[in-house]
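Colleague: Mind having a look at this structure? Questions to follow.
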Amino acid sequence: MSSAPAWPTVAAEPEDSTDIRRAAAVHRVRDFLVNDAGTVHELLCEISTHRAAAYEIESTIATLDGALDEVAAHRPGRVPQLAAFMPSNVILYSYALYLLVPALYTDRLVFRPSSRVKDQMGRLHALLAERHGLPITLSGASQREFLQEQVRPADVVVFTGAYANAEQIRARLAPGQLFLFLGSGVNPFVVAPGADVEQAARDAIAIRVLNTGQDCLGPDLFTVHESLLDPFVDALVSELKGLRYGPYTDPDADFGPIFYESALEDGAQFLARNHGGIVHGGHVDFRGRRLDPTVVVGAEVTPRTHVPEFFAPIFNIAGYRDQDTLAATLTTGMFTERALGSSVYGHAPRLVEALRRRTTVTLDTTLLSIDNGNAPFGGYGRMANYIADGEDVRAEPVLISQAVAAHRPGAGR
């Protein structure tokens, strides 16, 4: 694989008229979000809590602020066409990551919204396209039609979603097409000896209850040293008791209804199967689509433990005895396949060293603190994220501009 791009490189500073126009277009969207975000915030609140929508807008602005520096740093080649399958959440942030920033070096971009948020994505695109005027097109085609008409001729394909679906799409691509998969991980949250238990509890809530748990960075597993298990659970429950429920439009609400029907069903089924471990919460209201933040304490995790992906405010907690055993578990089997990010509170150097070989690791803070749309993100688990070109599949942190710069497009096509 060559490190030299085949397309003309994008200059560190916009030089030709196209570069200048596109940089200005991205900046217009940035200014719109800074100065007149009310309409966008209102739209996002149809699928996200008030606070999550505000956080998403802030993250998008930061990404657009760093767009030119990102492109200058990686110098991706000129991409004739990019096709993107968009996720069902963080629709504004994804629009920036997979469309607006790549538009700085891509001639034509076409995307297919998730069916769950097709209406919201359509209105968001219309709102933003009015400002940027870039060659970004929304496709209303079926997945089969989109594959045939847009994905097959594309030089770069971006897919966000389930691993099984990504594999089906990758199998239909030609050699030389660059395929970027962005999935999800277990994102274990570890509380080790020496941790500030109360701070860990607050941070656990901040990331697990973000958008009522409907975020891919939410930890699906909290594992706590046995000496801290009771204090951590007590601190967690104490904090959770003070949370407020309300509609997405309520700026004071800490959590709201579950937007995604499958997430509500999956969460309720997990609670039914593990009802004996519920120490707080457990209330599910199907009519109101409400699932209260719930703490479930189970047995010590092993390599064979099944950890489901939660899109709900469920704290799935297990104790552990020593860091070496835990390190072996969290770098084995399913945990390796779903290795994306992890957070460690307290002192567990050997565990941290083991996790860093597989995931992006944060110490005494959550993955939210390092969320940077202009930097590669992810882990080394194939079900979490990978980059493929028809010959090689590499599970590694992903940034589109960096992946394009390292790829020799069109080879073998």
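Colleague: Count, please, the residues in the range 336-365 that happen to be crowded, with 24+ Cβ neighbours inside 10 Å and in a helix (DSSP H, G or I).
Modeller: Result for the range 336-365: 2.
Colleague: Would you check which residues across the range 250-309 are β-branched (Val, Ile, Thr) and surrounded by 13 or more Cβ atoms within 10 Å (Cβ to Cβ) and list them? Step through it out loud before you land on a result.
Modeller: Of the range 250-309, the ones β-branched (Val, Ile, Thr) are 258, 278-279, 284, 294-297, 301-302, 305, 307.
The answer is Ile258, Ile278, Val279, Val284, Thr294, Val295, Val296, Val297, Val301, Thr305, Val307.
Colleague: On to the next question. Could you tell me how many of the residues in the range 256-307 are touching a helix residue (DSSP H, G or I) at 6+ places or on another chain (Cβ under 9 Å), over 22 Å from Ala52 (Cβ atoms) and in a loop (DSSP other than H, G, I, E, B)?
Modeller: 11
Colleague: Let me ask something else about it. Given the criteria closer than 30 Å to Ser114 by Cβ and either at pLDDT 95 or above or within 25 Å of the chain's Cα centre (by Cα) (or both), does Leu271 qualify? Spell out the reasoning first.
Modeller: Working: closer than 30 Å to Ser114 by Cβ: yes; either at pLDDT 95 or above or within 25 Å of the chain's Cα centre (by Cα) (or both): yes.
Considered against the rule, which asks whether it is closer than 30 Å to Ser114 by Cβ and either at pLDDT 95 or above or within 25 Å of the chain's Cα centre (by Cα) (or both), Leu271 comes out as yes.
Colleague: Of the residues Pro308, Pro349, which is in the same structural domain as Ile205 (by TED's automatic domain parsing), under 16 Å from Cys216 (Cβ atoms) and not basic (Lys, Arg)?
Modeller: Values: Pro349 fails: under 16 Å from Cys216 (Cβ atoms).
Pro308 is the lone residue from the list that is in the same structural domain as Ile205 (by TED's automatic domain parsing), under 16 Å from Cys216 (Cβ atoms) and not basic (Lys, Arg).
Colleague: Now a separate question. Check Leu368 against each of (1) assigned to a helix (DSSP H, G or I); (2) in contact (Cβ under 8 Å) with a residue 24 or more places away in the chain; (3) more than 16 Å from Gly218 (Cα to Cα) and name the one condition it does not meet.
Modeller: Condition not satisfied by Leu368: (3).
Colleague: Could you list, ordered by first residue, the pairs with Cβ atoms under 7 Å in which the first is in the range 273-288 and among the polar types (S, T, N, Q) and the second is surrounded by 14 or more Cβ atoms within 10 Å (Cβ to Cβ), at least 6 apart or interchain?
Modeller: Taking only residues 6 or more apart or on different chains, the pairs are Asn274/Val296; Asn274/Gly298.
The values are calculated or read from the model by the stated rules, or taken from the named source; none is laboratory data. Note that this is a predicted model, so its numbers are computed, not measured. Glycine gets a Cβ as well: all are built from the backbone with ideal geometry, and neighbour counts include every protein chain shown.
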